[in-house]
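A quick write-up on the structure given underneath.
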Amino acid sequence: MELVSKKRLELYAGRSHPELARDIAAHLGVQLGNANLRRFADSEDHCQFGESVRGADVFIFQTHARPVNDSIMEQCIMIDAAKRASARRITAVCPYLGYSRQDRKASGREPISAKLVTDLLSVAGADRIVSVDLHASQIQGFFDGPWDHLTAMPVLIDYLRSERLHDPVMVAPDAGRIKVAERFSQHLGWDLAFVYKRRPKGAPTQVEAVEVIGNVSGRTCVIIDDIVNTAGTICAAADLLMERGASEVWAAATHGVLSDPAVDRLKNSSLARVAVTDTLPIAPEKRFDKLEVLTVSGIIAAAIDAVFADTSVSEIFGGDNQV
Ligand code: R5P
């Protein structure tokens with residue numbers, strides 16, 4: 001007996017970011033599968049796929065938005081269901097990977113929670129992971145399988161290029177972003193500067209921007225970061241850049257976490273414009289005039305398509321996804 005088997009792509013989404021899931025499905029030209037997600041009275045989650053996933057290449061989309069723990073657990077439950085329903089391959093698509101900043105022991109008696117999250121995805125049954133702009137790309141090593149690390153760089157670069165800024169300088173707001181900022185500056189043909197940032201010990205939401213290295217006087221500075229959480233980092237950097245004579249300061253980042261008091265800080269800051277992507281949902285009440293939300297749906301769809309077709313993901317980014 002001989003069988004010619006056909007590959008089948010199935011895309012399911014958790015409930016953390018339905019808009020992005022829909023946009024990705026539209027780019028791919030597929031229907032989102034029905035995962036019949038529901039929550040019991042005691043707050044436990046349940047899922048039951050509405051169609052067979054046997055032998056399918058299953059992509060389970062969930063960005064780890066607030067409440068982060070619920071988002072992660074829901075995705076794990078969906079992966080477990082797909083594994084037990086005999087999916088051929090399961091890919092966890094996590095545009096924003098929760099806990100990614102807890103990627104090492106910064107001091108004694110701390111967890112490495114990013115490793116725990118990847119362990120959870122792995123034990124649930126994920127064969128591979130897709131994510132966007134990890135806080136540190138070596139997090140991929142926490143998972144013993146393929147990890148497609150995407151970057152929002154093409155989306156942010158297109159946006160910044162289209163804005164035709166006057167005498168622009170790319171600025172890294174701390175030591176951790178220098179390599180990324182350098183990559184942006186090379187693509188855009190801009191100069192590079194960076195800020196020396198300190199967080200006072202025991203005050204994780206406070207930031208001190210101590211010094212600027214580079215020529216920013218009279219120029220438009222664009223701060224590039226991976227995450228805007230409480231916005232302390234980019235606001236402190238913006239203030240210092242203005243003090244050092246910048247004519248205008250913008251900020252661009254991949255993940256708009258926007259935890260309180262980010263929105264108030266940004267509205268009242270010296271920043272002229274803030275661009276983030278839609279790796280995380282941004283509620284209407286968190287949107288404000290100078291905030292621009294760009295979509296990464298096309299990039300994620302292209303990566304899912306490449307994974308399904310066994311073609312190169314790096315080629316989509318010209319190799320820039322490994323910084
Ligand atoms: C830090 O290393 C990260 O790259 C971001 O700069 C940081 O997470 C942003 O946090 P916040 O907006 O709370 O300053």
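The values are calculated or read from the model by the stated rules, or taken from the named source; none is laboratory data. The model shown is predicted, which means the values in this text are computed figures rather than measured ones. Positions of Cβ are backbone-derived with ideal geometry, glycine not excepted, and every protein chain shown enters the neighbour counts. Protein only, heavy atoms only, side chains kept; ligands, DNA and RNA dropped before computing areas. Shrake-Rupley method; radii C 1.70, N 1.55, O 1.52, S 1.80 Å.
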> Given the structure, is LEU192 open to solvent by 20 Å² or more (accessible area, probe 1.4 Å), part of a loop (DSSP other than H, G, I, E, B) and either at pLDDT 95 or above or closer than 23 Å to ARG287 by Cα (or both)?
Replying inline: no
> Give me the pairs: first residue in the range 177-192 and assigned by TED's automatic domain parsing to the domain that holds VAL212, second residue among the polar types (S, T, N, Q) and surrounded by fewer than 20 Cβ atoms within 10 Å (Cβ to Cβ), beta-carbon distance under 8 Å, and six or more apart or on different chains, which are they?
Replying inline: ASP191/ASN215
> Do any strands (runs of 3 or more DSSP E) entirely within the range 200-306 hold 3 or more residues that are within 16 Å of the ligand (Cβ to nearest atom), and if so, which?
Replying inline: 208-213, 220-228, 248-256, 271-277
> If you scan the range 56-89, which residues turn out to be outside any loop (DSSP other than H, G, I, E, B), crowded, with 17+ Cβ neighbours inside 10 Å and polar (S, T, N, Q)?
Replying inline: SER71, GLN75
> Quick one: which of SER100, SER131 is within 13 Å of the chain's Cα centre (by Cα), within 14 Å of the ligand (Cβ to nearest atom) and polar (S, T, N, Q)?
Replying inline: SER100
>> Quick check on my filter: what residues within the range 171-213 are of a type in the set (Phe, Trp, Tyr) and more than 16 Å from THR151 (Cβ to Cβ)?
In response: TRP190, PHE194, TYR196
> Out of all the residues in the range 314-322, is one or more touching a strand residue (DSSP E or B) at 6+ places or on another chain (Cβ under 9 Å), open to solvent by 50 Å² or more (accessible area, probe 1.4 Å) and touching a residue at least 12 places away in the same chain (Cβ under 8 Å)?
Replying inline: yes
